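> I have a structure here, written as structure tokens, and I will follow up with some questions on it.
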Amino acid sequence: MSFIHTHADRRLFLRQSAALGALAGSSLASNLALIGAAAAQSAGDYRALVCINLGGGNDNANTVVPISPTEYAAYAAARQSLALPASALQALSPIGYSGPTLALHPSLARLRALFNSGQAAVMANVGTLAQPITKDQWDKRTPATLLPYQLFSHSDQSREWQTGDPNATSRTGWLGRAGDLLDSLNNSPVSICMSLGGHNILEVGNQKHIVQYQLTTQGPIALRGLDSPYGINTPALRILLTDNARVNKLERELTAVARRAISTEAAVSYAIAPSDPPDGKDKRKGTVKIPDFGGGNLGAQLRMVARMIAARDALGHKRQIFYVSHGGYDMHSDLLVNHARRLAELDAAIADFHQQTVALGVSEQVTTFTASEFGRALQSNGDGSDHGWGAHHFVVGGAVRGQRIFGQWPTVALKSNDDAGNGRLIPTTAVDQYAATLATWLRVDASQLSTVLPNIGRFASSNLGFLTA
């Protein structure tokens, strides 16, 4: 019953508007009037966060590697056949850093260039924490409230990463709660939270309309044949979209959702059309073809994010929050081959996306960051690595205080003070702190951070300093 628009010309847009006005009992022109008013305002306050979720648990030990002789020897002894040759690694040149020399995986050459040019930073040893924890406390496992619920579990750690609360069940995520606070800056029928990576808790807010607006790599999803006798004009669908007198609450909500979906699809399709004009036919001011990105499906997701950013004024957005997904990181076997492939896609997609934000003139207003439910064990299981805890993450953008390592670099060795067993890192930076820094940059007020991250007061700092004000 559905197809994906790859573009929307003026004739299609008008046809959709007319269909919606006739069927849904509300004119799309009213939404566009709001959008136009917002577009007329200054865009100087625009900011966007782009979360790249590395689903499955990225192998931190082969992503950022210490290559000083002593530290590399400890790494290689634990990794055995999984250890990467030091000569193949991409050396970093961090400033203000006194730990061992570090290097990136051979597949991350472009990310290394972004780091060394000051456009990217590494956030070391981040993980879910109920509160700060020492090695001794971990060994004794007391008190139990020190520990996040169900460590090393994909589903539980994904939920805790996204909700920002490792000790409680929550139906909302920290970016959704940030969206609750910032949504008033937008003047748009399209949600502040948008997802190319499917459903997630991260972008769900407490307000009814703060949910992720789902997009595909080709655009928003549309009902087939708005003006077809076999499509939206069938009697059953007409009743669904126009009957405001329904008694059943569920039916009323379904009607509202359907009407909203048609309205926002038409608006989004029209707004993004200039960034992908078919054969140059779209002659509106600002028409520019955004090129294809490398990096496979992840690159395609980020290209659509770039198109939505290019359409920010037309959509009435001064804040945008995006979620994209790059899965396949649960590598219990064949790690060397598969990890190299996944990181190469990540490298190309991030670099192409950042380059496009520069071309759009918004590189200082768009910050991209990685997330993953956990890292992995340092010790090899023979052909792969098992579930871990702390992990290293990348932050990219013009507002990033780049060429730096933030947080506490851990000792990469078995039986160290940072080892929770088999080389699983005990996190020294909480997801809460990482998230609070990003939310603050997005302009969540410090007085409201506890609304976004209820446990942030348990940690020494709510701003890790990896972003400029």
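The values are calculated or read from the model by the stated rules, or taken from the named source; none is laboratory data. Source: prediction; values computed, not measured. Here Cβ is always computed from backbone atoms with ideal geometry, including for glycine, and neighbour counts include all displayed protein chains. Ligands, DNA and RNA are excluded from the accessible area calculation, which covers all protein heavy atoms including side chains. Shrake-Rupley method; radii C 1.70, N 1.55, O 1.52, S 1.80 Å.
> Working carefully through the options ALA120, ALA124, ALA103, find the one that is surrounded by 19 or more Cβ atoms within 10 Å (Cβ to Cβ), without any contact (Cβ under 8 Å) to a residue 40 or more places away in the chain and closer than 24 Å to LEU84 by Cβ.
Working: ALA120 fails: without any contact (Cβ under 8 Å) to a residue 40 or more places away in the chain; ALA124 fails: without any contact (Cβ under 8 Å) to a residue 40 or more places away in the chain.
Answer to the check: ALA103.
> Checking the conditions here, which among ALA22, ALA33 is within 29 Å of LEU182 (Cα to Cα), open to solvent by 60 Å² or more (accessible area, probe 1.4 Å) and modelled with pLDDT under 95? It would help to see each step written out before you state the result.
Working: ALA22 fails: within 29 Å of LEU182 (Cα to Cα).
Criteria check complete, one pass: ALA33.
> For GLU373, work out the one condition from (1) of a type in the set (Asp, Glu); (2) in contact with a Phe, Trp or Tyr (Cβ under 6 Å, 6 or more places away or on another chain); (3) part of a helix (DSSP H, G or I) it doesn't fulfil.
GLU373 satisfies all of (1) of a type in the set (Asp, Glu); (2) in contact with a Phe, Trp or Tyr (Cβ under 6 Å, 6 or more places away or on another chain); (3) part of a helix (DSSP H, G or I) except (3).
> On to the next question. Restricting to region 434-453, what's the tally of residues that are touching a Gly at 6+ places or on another chain (Cβ under 7 Å) and open to solvent by 10 Å² or more (accessible area, probe 1.4 Å)?
Adding up the residues that qualify gives 1.
> Still on this structure, I have one more. Could you please find all residues in region 67-119 being closer than 23 Å to HIS354 by Cα and touching a Gly at 6+ places or on another chain (Cβ under 8 Å)?
The answer is LEU114, PHE115, SER117, GLY118, GLN119.
> Follow-up question, since we're still on this one. Out of (1) in contact (Cβ under 8 Å) with a residue 40 or more places away in the chain; (2) at positive phi; (3) surrounded by fewer than 23 Cβ atoms within 10 Å (Cβ to Cβ), the odd one out for ARG141 is which?
(1)
> Scan region 352-370 residue by residue and report those that are open to solvent by 10 Å² or more (accessible area, probe 1.4 Å) and either in a loop (DSSP other than H, G, I, E, B) or among the small types (Gly, Ala, Ser) (or both).
ALA359, LEU360, GLY361, SER363
> Here's a follow-up. Condition first: open to solvent by 40 Å² or more (accessible area, probe 1.4 Å), in contact (Cβ under 8 Å) with a residue 60 or more places away in the chain and either closer than 14 Å to PHE322 by Cβ or not in a loop (DSSP other than H, G, I, E, B) (or both). Now tell me which residues in region 199-219 satisfy that.
Pass one, region 199-219, residues open to solvent by 40 Å² or more (accessible area, probe 1.4 Å): 199, 201, 206-209, 211, 214, 217-218.
Among the residues that remain, those that are also in contact (Cβ under 8 Å) with a residue 60 or more places away in the chain are: 217-218.
Result: THR217, single match.
> Going through TYR323, TYR329 one at a time, which residue ends up being assigned to a loop (DSSP other than H, G, I, E, B), touching a strand residue (DSSP E or B) at 6+ places or on another chain (Cβ under 8 Å), aromatic (Phe, Trp, Tyr) and open to solvent by less than 20 Å² (accessible area, probe 1.4 Å)? Working first, answer last.
On the way: TYR323 fails: assigned to a loop (DSSP other than H, G, I, E, B).
Checking each option against the conditions leaves just TYR329.
> Please report, ordered by residue number, the helices (runs of 4 or more DSSP H) entirely within region 45-162 with at least 2 residues that are touching a strand residue (DSSP E or B) at 6+ places or on another chain (Cβ under 9 Å) and hydrophobic (A, V, I, L, M, F, W, C).
Working: elements: 69-79, 109-116, 135-140.
Qualifying helices (runs of 4 or more DSSP H): 109-116.
> Something else about it: Take the conditions small (Gly, Ala, Ser) and touching a helix residue (DSSP H, G or I) at 6+ places or on another chain (Cβ under 6 Å) and apply them to ALA469. Does it pass?
On the way: small (Gly, Ala, Ser): yes; touching a helix residue (DSSP H, G or I) at 6+ places or on another chain (Cβ under 6 Å): no.
Criteria not met by ALA469.
> What are the pairs with Cβ atoms under 6 angstrom where one residue, in region 436-449, is closer than 14 Å to CYS51 by Cα and the other, located anywhere, is of a type in the set (Lys, Arg)? Sequence gap at least six, or different chains.
Cβ pairs passing all conditions: LEU442/ARG47.
> Within the group ASP383, ASP418, which residue is farther than 23 Å from LEU102 by Cβ and either among the acidic types (Asp, Glu) or open to solvent by less than 20 Å² (accessible area, probe 1.4 Å) (or both)? Working first, answer last.
Numbers: ASP418 fails: farther than 23 Å from LEU102 by Cβ.
Matching residue, one of ASP383, ASP418: ASP383.
> For the list (1) surrounded by fewer than 20 Cβ atoms within 10 Å (Cβ to Cβ); (2) part of a loop (DSSP other than H, G, I, E, B), I need the number of the one condition that GLY457 fails.
(2)
> Sticking with this structure for a sec: Considering region 378-425 alone, what residues qualify as being touching a strand residue (DSSP E or B) at 6+ places or on another chain (Cβ under 7 Å) and aliphatic (A, V, I, L, M)?
ALA391, VAL395, VAL396, ALA399, VAL400, ILE405, VAL412, LEU425 - these are the residues of region 378-425 that are touching a strand residue (DSSP E or B) at 6+ places or on another chain (Cβ under 7 Å) and aliphatic (A, V, I, L, M).
> Within region 171-198, restricting attention to residues that are without any contact (Cβ under 8 Å) to a residue 60 or more places away in the chain and open to solvent by 30 Å² or more (accessible area, probe 1.4 Å), which residue is nearest to SER325 (Cα to Cα)?
So the residue we want is ARG171.
> Evaluate the following for PRO427: is it crowded, with 24+ Cβ neighbours inside 10 Å, out of contact with any helix residue (DSSP H, G or I) (no Cβ under 6 Å at 6 or more places or on another chain) and not β-branched (Val, Ile, Thr)? Can you show your working first?
Values: crowded, with 24+ Cβ neighbours inside 10 Å: yes; out of contact with any helix residue (DSSP H, G or I) (no Cβ under 6 Å at 6 or more places or on another chain): yes; not β-branched (Val, Ile, Thr): yes.
Criteria met by PRO427.
> Mind telling me which of the residues ALA86, ALA109, ALA74 ends up being without any contact (Cβ under 8 Å) to a residue 24 or more places away in the chain, open to solvent by 30 Å² or more (accessible area, probe 1.4 Å) and farther than 30 Å from ILE262 by Cβ?
Details: ALA109 fails: without any contact (Cβ under 8 Å) to a residue 24 or more places away in the chain; ALA74 fails: without any contact (Cβ under 8 Å) to a residue 24 or more places away in the chain.
Only one candidate passes the filter, namely ALA86.
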